[in-house]
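For reference, the structure is listed below as structure tokens.
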Amino acid sequence: MKEIQVEQGSNEWIAARLGLPTASNFEKIITPGGKLSTSSRKYACFLAAEKILNRQLESLDHLEWVQHGKMHEEAAAQNYEFVQDVKIRKCGFITTDDGRVGASPDRLIIGAKGGVEIKCPAPWTQIGYIVDGFGDAYKCQVQGQMWVSELDFVDRYAWHPELPPALQRTERDEPFIKLMSDAITKFCDDLDEIIRKARSSGFFEEQEKILTAVDQSYPYTS
């Protein structure tokens, strides 16, 4: 496990995770039931495009409830600390030792091998969490966080300023983590092959030659 010291959401954080499968998207590789996801190939092509173009291809900033979550995350974290009587800290981007897979837990618990996944959802979603629990929601994400970040548990904590919080502690599911790690290792191999085949067309080398020729034709002057 390696932690890259960057602020989540920053340009440095985006650069660190570019083209890598991350825990928030593991359900696109393996389902909560342990089956291979039908979205796997599409997700691999998406990551390949990010890697080749070297830029982020998707933003969620326009989604209302994503923005709501960002706005209330710090208050939710403080409430969690008070309710659980613990200290937590922000973390950067965490990868496996080989750097092929990543995760960004919202918080890590100081003095314990635990993480916190904070959700600040719409009121109707919060009611569902209070009454019915989380079920399989975010199962792949939190088990993936435990795998990548070498944690013993993750608390899913849903908070809304007008409603009671919902807390569910999830411990490591070793058989599921084994299935997940095998599936994602195979996914990473497939991703490498997709990138290799995409680059083998010669298009990118030709584009580089064109850009070099343009630069040489119009040299900068002081």
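The values are calculated or read from the model by the stated rules, or taken from the named source; none is laboratory data. No experiment lies behind these values; they were computed from the predicted model shown. Counting neighbours? That spans all protein chains shown, and the Cβs are built from the backbone with ideal geometry, glycine included. Surface accessibility is based on the protein's heavy atoms, side chains included, excluding ligands, DNA and RNA. Shrake-Rupley method; radii C 1.70, N 1.55, O 1.52, S 1.80 Å.
Summing Lys, Arg as +1 and Asp, Glu as -1, what charge do residues with Cβ under 12 Å from the Cβ of Glu117 carry, Glu117 excluded?
It works out to a net charge of +2.
Give me the compactness ratio for segment 82-138, meaning the Cα radius of gyration over 2.2 N^0.38 Å.
In units of the globular-protein estimate, segment 82-138 measures up at 1.40.
Would you mind getting the accessible area per residue of the chain, heavy atoms of the protein chains only, 1.4 Å probe, in Å²?
58
Go through Tyr138, Tyr157 and list them by solvent-accessible area, largest first, probe radius 1.4 Å.
Order by accessible area, largest first: Tyr138, Tyr157.
So for segment 1-145, Kirkwood radius off the Cα pairs, Stokes-Einstein at 25 °C and 0.890 mPa s: how many µm² s⁻¹?
Approximately 148 µm²/s, per Stokes-Einstein.
Given segment 71-199, what percent of its DSSP beta bridges are antiparallel, to the nearest 5?
Percentage antiparallel, nearest 5: 70.
Give the Cα extents of segment 74-205 along the principal axes, in whole Å, largest first.
57, 33, 30
From the helices alone, meaning DSSP H stretches of at least four residues, give me the mean residue ellipticity at 222 nm for the chain, per-run term -39500 (n - 2.57), in deg cm²/dmol to the nearest 500.
Calculated mean residue ellipticity at 222 nm is -15500 deg cm²/dmol.
Whenever you get a sec, compute what percent of the accessible area on segment 18-140 sits on carbon and sulfur atoms (1.4 Å probe).
For segment 18-140, the apolar C and S fraction of the accessible surface comes to 53 percent.
What's the angle, to the nearest 10 degrees (0 to 90), between helix 203-217's Cα axis and the longest principal axis of the chain?
60
Which percent, to the nearest 5, of DSSP beta bridges fully inside the chain are antiparallel?
70
Which sequence of Met146, Met71 reflects their accessible areas, 1.4 Å probe, from the largest down?
Met71, Met146
Once ligands and nucleic acids are excluded and a 1.4 Å probe is used, how much of Ile118 is accessible, expressed in Å² to the nearest 10?
Answer for Ile118: close to 10 Å² accessible.
Let me know the charge dipole size of the chain about its Cα centre in debye, to the nearest 20, where only the beta-carbon of Lys, Arg (+1) and Asp, Glu (-1) is charged.
Magnitude of the dipole: close to 340 debye.
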